[in-house]
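Data block below; observations after.
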């Protein structure tokens, strides 16, 4: 404990008054982190231990030993803060052999790992190079994300993440490969599990997200702001202890797939688990594997399970109690965390078993109390019901654009609070990590009882990666290119300017795609229906309306992408969304209820219909007296959308050229007066360097 | 003869001094043409005859009776010179049921033809409408192709074409459906065939093509200018007579496929022909079917055959004589025609059996002599060896863009000179028609003897319709869009401006596509090699170099296209073409001879190579000391061109974003110094309204 305490560290403040002092503070934090990391690997009993695959799906520890050093060089190279590699081979081999964020599916390539001595030597050279960078880099305060110091902190905090994940891997190594180490001493205290109980928590409203001007380093997923309403709930005073969980195990919980979620039941069948991952049973007795030893199951320590096991326990618990039992959401967890005002790095001593300030293991669940509730932070990470998502305003850091985005997929759940070995950024209030729900870390859970069986989590605002949908999202909500105005907005502006006598009660945006024109029309019209044939597209309009934002990734070059967010607030549509109604529908077979419009706008629709003449022959029935039909199209007829015999024009009729405008007149002349014809340009980005640049024709038709 | 002579007409001059007089002249020519056309149909013995399909592949005559009237209305509508149809149903049914220019492949739709009376009535209404147009249209002199009077002339001359083609169809009708008619009296004279002989013709040079300022109406294919050298040849004094051809028939010419061209042998096997189409044999005697009667074979009349039969005769003749016998080329025919200075409409009496000035049939081949050669024009059309093509400078008329272009396919041969029933434009010197080589008209041939077996015709400069190739032709040689400068030219201008110390002896344009940058480099470099992987593309550079022009059709809207011609002269490259050498080749496996360059320019090449690193790793070997490599690319990596593992960038390497520019530096840094990096925009037209707008990156590398 004493020796461990000597290297307790705090994540540095980004602020300060002395650049020189900050440089030294960063240097100290850097070397302390490297020392601490290497000290963990000192627990390995010999070089052989570095090459054991404790988990078939993970690299051996030699990878992680090299990886955190390589990360510094790779990110500094990417940021052009260093210009030469130290060892091209190691910097490739140790870079990324695992899809780290899916935490699965190791590639099967054969690795010709270097020796431990070579890796140690490489780590020394990296230390020296980073030390030089720290000395020489331009530095001003506060440190901001575009500063080289931010990249140094990124490397340090990255190593601290792997301090924890490596400790999890070591916990899976056979004990023969490990040796006692005075720095890594487990908590000696065990006892019977305390009887858990519930504490009532009042509903509240709070804002999630680390402020952009917070004074400590944060990962991209911590920033942004999201305000949530929380209903009252009752929360377990203690994390679920080994003792409390044992009752579930002994009640046959692992043999009753009906207690498990569907995903959980699949995992159970696959894994054939019968108890938590770090438990084992010999001669009728349960034991627990800690970092460096195996001990009789400490009943009063928190159970360490994955999310799926935690959920099964909740279902079993609900079955017992007849109430609604589940995990807290991230917001509920955050509300509880507010009872503790302190945060790293400001506290004098951690108010929980975290930051290596107390033990090199979990400790009893009744050690750290705040107003009748224990372990508000630390001891083990606490699973939540919340699939991780960026908060509104989320932006990736350009030098690490895949830290979080691959986890915004609805398959990764947030856990919060940190474990005994969470240090640096991991041990701060806003820190949030997410893993696949079947994954093991030093993680357990606390349960809550609520008044309904509804779990108050929102669907994940995942990045739209369908290339066509993402193209249209950028087209509607993204940047302007070649100085061409936003097309849906320009269409609406133009038609409003052209039609002075337009009644502005109800508008229909037919073929609304991802919805921009519908929102723009809502500035003027009291009610707007946005209809599109494709659910893939319209879901984004719907999501914008419901959640205020939507996200997408657009190709930059090759497989590289850029991440974007569209936000109602940023677009100036907040407060208008209730006027818009997004519905999936077929323009050629529209439900009778869609009628009584003053304006029907069809943006680039007609050359995508399977029977445009059928649509145009009926559309007048949907318009109010004096109503207008506005069409835009580049007349790009393609048989994949419209059979050739249904093309309105762009064909030979009786051997003569017959344009789409000819065809429109043919069909519409009897019911409409053609008021205007004009060109409108549009640009759709395909890659950073390649665009579709199109001149659509707008025709304005007044109902006769 | 007397009655026929009364309606002899001449195509009007476009020039004049009195607009009113010209209006009346046009009106008179219009009504005379209608009268003449209707007079031909008066030969039908009753209404039933209008509905007989004389040829299964052609419409019945009722179609042609209505068609020439409908044509006026359709073209006048298209030109917006009339705004209302007379009869929508007839104007559709009579418009085009046949691909007129392929003269084949009638569609199999069921036609519910109107009655003859209805059609006559419709023709009367059209006469009245066109008469009104002639009265009311704006008219200034001379008449030019953009004048409504030109459209009226187009309709008239179109009817005159069908006067002739309908007479061919009538010639195929059973005689019971025809009746004698005083206007359509055949030549009464027949006799033994004169013995043919050869006349020596000196070589010469002449220019083909109707001058743009010629004073009579012409079809699009007559204009343009093409200068040709003609070698000396010997020409048959007479058209081949029935008598002369009979020797071939009786020698078993139709039973010896080896005498026929490959196409001819296929046709022979399919048609099972044993003699010319209008011959027949009863009881050992040959007869010939004329327009309105069948007569004993007139041995001294010209034989009427298709091109394939004419060629087989020539091969047989060559076999007999041991010389090279073939048909004249269009140029050789034109050289002979120069012996006659007169042309319609200037002659007082036609110097040949043409323009209905002599007979309503062919006449003996020894009737019209000029300096020992007979029938320089008229009697029957004369097949040539020349597949029809537009002359350089060819442009379609916007109201009839498919009059000629579909025949520029290498499968339609020119015939010249007109027949006894060729009138109006057909009976002018520059008139040129083309039919499939197996087609029958009132056409025969004259043969020539030359000094080699080479037929001096050029490959047809057909319209490139491959959409991608045509896109690139427009990209290299076409219009500018969005104010973006021509890209290959801008690339060359830019690199020349960036590299002051460039040695300008030899340049390589690798990935030259259709060749513009190669030609542009030839302004500066003494020698330029243009190499492309794709023969489809490079053939156009080659063709430009060899023939001075190349043609392509680009999509406008839907299936509608626009026709374009690129010309060395217009582009200002004439005289430079000898500096350029276009070769098909593979950048990744270039022949050793391609070396010693001062500049290697690779325009938008590297992201289309199957192994760009292989290419870049060797390219320095091709450069002279102090030489430059210039690359441009939008870095649009696609697996269809480059396997993912060969992408130079746009990928994650060791988990980090790695751009193509990073990749280029990686490979080239050891041999080259990176001198410049800049952006260059380009626009590729897809349709009239849709474009690819791209920002390529240019990198300039100097050999170390």
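No value in this document is a laboratory result; all are computed from the given coordinates. Quantities reported herein were computed from a predicted structural model and do not represent experimental measurements. For neighbour counting, all protein chains shown are included, and Cβ atoms are generated from backbone atoms with ideal geometry for every residue, glycine included.
Table for the structure above
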read-out	value
Other protein chain Cβ atoms within 10 Å, averaged over every residue that makes up A:681-692	5
Segment residue A:55-residue A:479, extension gain: residue separation times 0.36 nm, minus the distance between their alpha carbons	148.1 nm
Between 0 and 90°, nearest 10: helix A:116-136 axis offset from chain A longest Cα axis	60 degrees
C-alpha center-to-center spacing [the range A:189-249, the range A:37-90] in angstrom	33 Å
Sorted by Cβ density within 10 Å, fewest first, the residues B:34, B:602	B:34, B:602
Full-extension gain in nm, residue A:131 to residue A:111, via 0.36 nm per residue minus C-alpha separation	4.2 nm
Cα centroid separation - the range A:458-476 against the range B:645-693, whole Å	25 Å
Nitroxide proxy distance, nm - points 7 Å out along Cα→Cβ at residue A:640 and residue A:274	5.5 nm
Proxy reagent accessibility, fewest Cβ within 10 Å first, across A:213, A:402	A:213, A:402
Inter-chain Cβ neighbour average for residues B:504-516, partner chain, 10 Å	0
Backbone N within the range B:173-196 under 17 Å of label point (7 Å from residue B:45 Cα along the Cβ vector)	B:173-182
Cα-based convex hull, the protein assembly as shown, per residue volume (Å³, whole number)	239 Å³
Inter-probe distance in nm under a simple model that places probes 7 Å from Cα toward Cβ, at residue A:454 and residue A:140	5.0 nm
Cα-based helix-to-principal-axis angle, A:467-477 vs chain A, degrees rounded to 10	70 degrees
Whole-angstrom gap from the range A:151-183 to the range A:350-373, using each part's C-alpha centre	20 Å
Shielding of B:555-565 by partner chains, average beta-carbon count, 10 Å	5
Relative contact order of the range A:2-177, pairs being alpha-carbon contacts under 8 Å that are 6 or more residues apart, as %	33 percent
Relative contact order [Cα under 8 Å, 6+ residues apart], the range A:488-550, whole percent	31 percent
Cα gyration tensor category, rounded, prolate or oblate, for the range B:464-703 with a/c compared to 1.5	oblate
0 to 90° range, to nearest 10: angle between helix B:19-41 axis and chain B longest Cα axis	70 degrees
Percent RCO, i.e. relative contact order, over chain B, from Cα pairs under 8 Å lying at least 6 residues apart	11 percent
Fewest-first ranking of A:226, B:644, using other Cβ atoms within 10 Å as the exposure measure	B:644, A:226
Copies compared at residue A:547 - label distances in nm, ascending, label defined 7 Å from Cα in the Cβ direction	6.0
As computed over the range B:2-177, the Cα convex hull volume per residue (Å³)	122 Å³
Label point 7 Å beyond Cα along the C-beta direction, distances from residue B:175 to other copies (nm, shortest first)	12.1
Beta bridge orientation in the range B:529-652: antiparallel %, DSSP, nearest 5	45 percent
The protein assembly as shown - mean residue ellipticity at 222 nm from DSSP helices (-39,500 (n - 2.57) per run, n ≥ 4, rounded to 500)	-9000 deg cm²/dmol
Percent antiparallel among DSSP beta bridges (both partners in the range B:137-236, rounded to 5)	90 percent
Label-point separation in nm, residue A:319 to residue B:524, each point 7 Å along Cα→Cβ	8.1 nm
Segment residue B:172-residue B:341, extension gain: residue separation times 0.36 nm, minus the distance between their alpha carbons	57.3 nm
Within the range B:464-703, percent of DSSP bridges classed antiparallel, to nearest 5	60 percent
